[in-house]
Amino acid sequence: MSENQVQSTLKDTLVELDKKHFIHPTSSLKQQQESGPPFIFTEGKGVYLTDISGKKVLEGMSSLWNVNVGYGRKELAEAARDQMEKLAFTNSFSSFSNEPAIRLAAKLAEITPCDLNAVFFTSGGSESNDTAYKLVRHYWKLKGSPQKTKIISRKKGYHGVNIGATSATGISPFHQMTSSLAPDFLHVDTFSTDALRDCIAKEGADTIAAFISEPVQGAGGVNIAPDGYFQEVRKICDENNILFIADEVITGFGRTGKLFACEHYNVVPDVLLLAKGITSGYIQLGAVVLTERIHKELIALSDGVLLHGYTYSGHATACAVALKNLEIIEKENLVENSRLMGEKLLNGFKKIQAEVDIVGEVRALGLIGAVEIIDPVTNNRFPTLISPKVSAECAKRGLIVRTVGFEGMDTVVFSPPLVINKQEIDELISILRDSLLAVQNSL
Ligand code: PMP
């Protein structure tokens, strides 16, 4: 057999095994059986992935908004290997500790804004969210306000898939997937501070534990707040004795052109949620960062064991990889690159918008962006979703993007690795333009 034949037999075998045994997350089970996996990736380097057939694609999404330092970083493999050889894992319950977890907690305290100084480790964004909901309720309980239980989040907000995180998520198909959700979650309009004030007035501030939002909504379609919104939110929370949780699972670690997106708004949350870019996806890790004030109050008021902890909270290998990842982000000025390449990306979107009729609003902040698809005749969405056709055309031409097709949106979203350079942005824009024109001509 030739090498090509061997590869194609291997691929067929893997496709069959995939269909039979691999339940994919957030996927269509039927479509998997009909068409199999679109790609079986085998290698990655920089902003590119290669699949088992040898096809190379530009990763316009950093996988799930997270591979910030790009693929194939040997330094991260070495950091994991060194730590695994010394001490792969030991638990952090009962105050047992390990050096990478201590150093990473101290590093996060140093780089996060103001007095966000105390860190609880998780294994990802959903766990960071559920941890935060429990911690803020625990805090109010210790402070003598056990009735402060409600969490207000926003429509189109995405916070993950654990039961609390699903309940906080403001995208209805995620609620409809299962039959019952957690109590005490409320949703307000995305950028309306009036809606937030009304909700607090209606429910009573003394029943509300926290307000949570992403500084830039990601999975809900890359929605960027208007000027003044977060400053007003911070004021409303302070006036009503409500904690403000910022979910920076996507936006943290340079995605928006600042190290943390709250810095765009000069607003400091009481609780900061992190995951994804903390290790650039090389290993699972998340974190909940509390202000020193809240940490001190918890210490002063606590009278027993904090009965919340994951086996992998403070995982030594994950923390060692995170430390190396943060070193790379600093050393290679990736936050600044995100800002500069983000401007180039947005300019590229604007050129396409001027040329292609089915492109509506375009937006980006750093290297997170979106292109809306509209019917140029009505200026509204087409009756059927068009963005999946665009993403299929992009994939054919060697570019991976994602689409958002719920809550009235028909949107293509982008979140390329922060290491992307000018030529690669040009390539992304050129493939996107050709794909949009191909779809437009087919309508
Ligand atoms: N919060 C936000 C803002 C997210 O975008 C995500 C994941 N896309 C999550 C939480 C959940 O993170 P994970 O998938 O790591 O559980």
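So here's what we get for this one:
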{"read-out": "Filter result for residue 292 (in the same structural domain as residue 44 (by TED's automatic domain parsing) and surrounded by fewer than 20 Cβ atoms within 10 Å (Cβ to Cβ))", "value": "no"}
{"read-out": "The lone exception for residue 434 - which of (1) of a type outside the set (Val, Ile, Thr); (2) outside any loop (DSSP other than H, G, I, E, B); (3) farther than 24 Å from residue 54 by Cα it fails", "value": "(3)"}
{"read-out": "Residue match in region 169-190 (condition: away from the ligand (no atom under 11 Å from the Cβ), assigned to a strand (DSSP E or B) and more than 27 Å from residue 307 (Cβ to Cβ))", "value": "yes"}
{"read-out": "Residues of region 192-221 that turn out to be crowded, with 21+ Cβ neighbours inside 10 Å and within 24 Å of the chain's Cα centre (by Cα), as a count", "value": "14"}
{"read-out": "Residues of region 21-61 that turn out to be without any contact (Cβ under 8 Å) to a residue 60 or more places away in the chain, acidic (Asp, Glu) and over 19 Å from residue 8 (Cβ atoms), as a count", "value": "1"}
{"read-out": "Selection count, region 68-103, where residues are under 16 Å from residue 123 (Cβ atoms) and hydroxyl-bearing (Ser, Thr, Tyr)", "value": "2"}
{"read-out": "Single residue of 141, 148, 156 found to be outside any loop (DSSP other than H, G, I, E, B) and of a type outside the set (A, V, I, L, M, F, W, C)", "value": "141"}
{"read-out": "Qualifying residues in region 123-149 (those that are out of contact with any Phe, Trp or Tyr (no Cβ under 7 Å at 6 or more places or on another chain) and farther than 20 Å from residue 297 by Cβ) - the one farthest from the ligand (Cβ to nearest atom)", "value": "130"}
{"read-out": "Check on residue 246, within 16 Å of the ligand (Cβ to nearest atom), closer than 22 Å to residue 148 by Cβ and crowded, with 23+ Cβ neighbours inside 10 Å", "value": "yes"}
{"read-out": "Tally of residues being over 19 Å from residue 245 (Cα atoms), of a type in the set (A, V, I, L, M, F, W, C) and surrounded by 15 or more Cβ atoms within 10 Å (Cβ to Cβ) across region 152-180", "value": "1"}
{"read-out": "Leading residue by the ranking (nearest to residue 174 (Cα to Cα)) among those in region 1-39 that are surrounded by 11 or more Cβ atoms within 10 Å (Cβ to Cβ) and among the hydroxyl-bearing types (Ser, Thr, Tyr)", "value": "27"}
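For (1) without any contact (Cβ under 8 Å) to a residue 40 or more places away in the chain; (2) within 30 Å of residue 78 (Cα to Cα); (3) assigned by TED's automatic domain parsing to the domain that holds residue 252; (4) under 21 Å from the mean Cα position of the chain (by Cα), each residue gets a yes or a no:
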| residue | (1), (2), (3), (4) |
| --- | --- |
| 321 | no, yes, yes, yes |
| 355 | no, no, no, no |
| 364 | no, no, no, yes |
| 380 | yes, no, no, no |
| 384 | yes, no, no, no |
| 394 | no, no, no, no |
| 416 | no, yes, no, yes |
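Residue by residue, here is whether (1) more than 16 Å from the ligand (Cβ to nearest atom); (2) more than 27 Å from residue 341 (Cα to Cα); (3) among the hydrophobic types (A, V, I, L, M, F, W, C) holds:
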site	(1), (2), (3)
261	no, no, yes
272	no, no, yes
277	no, no, no
281	no, no, no
285	no, no, yes
289	no, yes, yes
305	yes, yes, yes
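Let's see how each residue does on (1) within 26 Å of the chain's Cα centre (by Cα); (2) surrounded by 13 or more Cβ atoms within 10 Å (Cβ to Cβ):
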{"position": "54", "(1), (2)": "no, no"}
{"position": "61", "(1), (2)": "yes, yes"}
{"position": "71", "(1), (2)": "yes, yes"}
{"position": "79", "(1), (2)": "yes, yes"}
{"position": "83", "(1), (2)": "no, yes"}
{"position": "87", "(1), (2)": "no, yes"}
{"position": "91", "(1), (2)": "no, yes"}
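The values are calculated or read from the model by the stated rules, or taken from the named source; none is laboratory data. Computed from a predicted structure; not experimentally measured. We place every Cβ from the backbone using ideal geometry, glycine too, and count neighbours over all the protein chains shown.
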